[in-house]
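The values are calculated or read from the model by the stated rules, or taken from the named source; none is laboratory data. Remember, predicted model here, so these are calculated numbers, not experimental data. We place every Cβ from the backbone using ideal geometry, glycine too, and count neighbours over all the protein chains shown.
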Amino acid sequence: MKILHLLSQRPDSTGSGIYVQAMIREATLNGFDNFLVAGLCSSGCDDNVCITPARSMYLNFYDADVSFPIPGMSDVMPYDSSKFCDLSEENLIEYETAFSMLLKRAVELFKPDLIHSHHLWIVSSLTRRIFPHIPLVTTCHGSDLRQFQNCKHLQGMVLQGCREIDFVMALSQAQKDEIVRLYDIAADKIIVIGAGYNDTFFYPTKKPDPNPVQLVYAGKLSNAKGVPWLLRALASIRFPEWQLHLVGSGSGEEKEGCMRLTEKLGKKVIVHGALSQESLAKILRLSHILVLPSFFEGLPLVILEGLASVCRIVATDLPGVRELIGNTDSDFINLVPTPRLRFIDQPYSEDEMLFELQLGEALKQQIDAAVSSAKIDLSPIQDTLDAFTWTGIFNKVKQVYMECLSKT
């Protein structure tokens with residue numbers, strides 16, 4: 001089978017990039033032929049995090065192909081980017097024209113049996129309109145649903161093609177329900193697949209002495225991910241001793257605000273920047289607690305990665321998080337109530353203090369537990385971990401491929 005994988009942004013640095021790389025890796029192991037079409041900013045991909053097949057084509061933003069920075073599926077990306085909400089009509093025409101030309105060249109060269117695109121957004125819609133007879137499946141990652149709600153003026157062009165996609169793969173049941181509501185796509189065309197983690201990187205090892213307790217945050221340095229509230233909450237915890245590993249990057253004022261808060265905490269915070277999956281795994285294996293205080297997630301892969309590395313978990317009680325860990329009441333998991341949100345990922349200002357307080361209490365509880373209780377029993381969630389390896393996820397994706405091909 002010849003599969004053309006399609007991502008409108010860089011195939012690294014984000015959850016969707018990790019997902020694309022995993023699909024290509026697993027498809028190759030299954031004997032499939034793979035080709036990647038993706039976007040690049042002018043600086044290209046960081047070699048230590050971007051792994052792509054030998055055959056690929058890229059659309060170069062802020063360069064020869066497109067005159068403006070690459071639009072990110074999140075408004076704050078870990079590299080220089082544009083916001084879809086800020087693109088002019090001329091920008092959108094330039095964007096669609098450039099991707100149309102690139103896609104046509106790729107299809108003519110590779111002649112795919114099937115296209116697997118990512119995000120229920122502009123480029124997936126465009127692909128369906130250009131190639132109505134090539135089987136097309138699309139993975140929804142959650143950030144596309146946020147853009148759909150924030151950019152109402154773009155909904156028409158998105159719906160025009162996305163409603164005609166053969167199958168949509170959702171990360172969770174909650175996300176499937178939201179796709180039905182927002183896009184009016186028939187429920188039987190939406191398959192809950194989930195997302196996975198790389199069990200060759202993320203696995204249990206002996207933890208160091210919890211003096212200090214080692215915490216990890218991995219993701220974008222942005223407000224939507226709850227990073228400022230995390231840093232302020234940790235500042236209130238004097239004892240036991242702790243140290244935070246801040247993994248990820250960001251851009252603009254939000255990143256600068258996060259960095260100002262880290263400076264106040266001094267040596268208690270180690271800023272690593274963007275890391276490869278292998279490097280993140282080394283940090284998680286030597287850490288006691290993973291923190292994800294995000295206000296919006298699809299199905300957060302880093303929770304799986306943290307659990308597989310036998311980390312305690314402090315996270316917001318988002319639907320994707322709840323669906324991932326089930327109804328377990330394990331003492332090594334603390335879910336903090338998500339504050340009321342003014343927009344899809346912006347809390348009401350009057351609720352911020354309570355959220356910061358509750359986050360601090362959850363962090364203190366798990367830091368204390370890491371000091372007094374060295375052992376974590378993963379048995380309540382072991383079945384979940386076994387089901388969410390990338391091999392397990394791709395087996396479900398492959399079934400969707402086959403059903404899609406059988407329809408044509």
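Just a few scattered comments:
- Residue match in the stretch 143-162 (condition: in contact (Cβ under 8 Å) with a residue 40 or more places away in the chain, in the same structural domain as Leu7 (by TED's automatic domain parsing), within 26 Å of Leu301 (Cβ to Cβ) and of a type in the set (D, E, K, R)): yes
- Of all the numbered requirements in (1) free of Cβ contacts under 8 Å to residues at least 24 places away in the same chain; (2) closer than 28 Å to Ser349 by Cβ; (3) of a type outside the set (Val, Ile, Thr), Lys282 misses one, and that requirement is (2).
- Qualifying residue in the stretch 21-42 (condition: at pLDDT below 85 and among the polar types (S, T, N, Q)): yes
- Residue match in the stretch 303-317 (condition: of a type in the set (Gly, Ala, Ser), at pLDDT below 90 and more than 20 Å from Leu234 (Cα to Cα)): no
- Candidates in the stretch 349-369 are the residues that are of a type in the set (Asp, Glu) and under 27 Å from the mean Cα position of the chain (by Cα); of these, the one that is surrounded by the most Cβ atoms within 10 Å (Cβ to Cβ) is Glu356.
- Single condition Ile165 does not satisfy, out of (1) modelled with pLDDT under 95; (2) outside the structural domain of Ile367 (by TED's automatic domain parsing); (3) not hydroxyl-bearing (Ser, Thr, Tyr): (1)
- Taken as a whole, the stretch 239-260 holds no residue that is among the basic types (Lys, Arg), touching a Phe, Trp or Tyr at 6+ places or on another chain (Cβ under 9 Å) and in contact (Cβ under 8 Å) with a residue 24 or more places away in the chain.
- Checked against (1) surrounded by fewer than 19 Cβ atoms within 10 Å (Cβ to Cβ); (2) touching a residue at least 60 places away in the same chain (Cβ under 8 Å), Thr200 meets all criteria but (2).
- Residue that is surrounded by the most Cβ atoms within 10 Å (Cβ to Cβ), among those in the stretch 370-400 that are within 22 Å of the chain's Cα centre (by Cα) and among the hydroxyl-bearing types (Ser, Thr, Tyr): Thr389
- Residues in the stretch 79-94 include none that are farther than 24 Å from Tyr183 by Cβ, out of contact with any Cys (no Cβ under 7 Å at 6 or more places or on another chain), modelled with pLDDT under 95 and in a strand (DSSP E or B).
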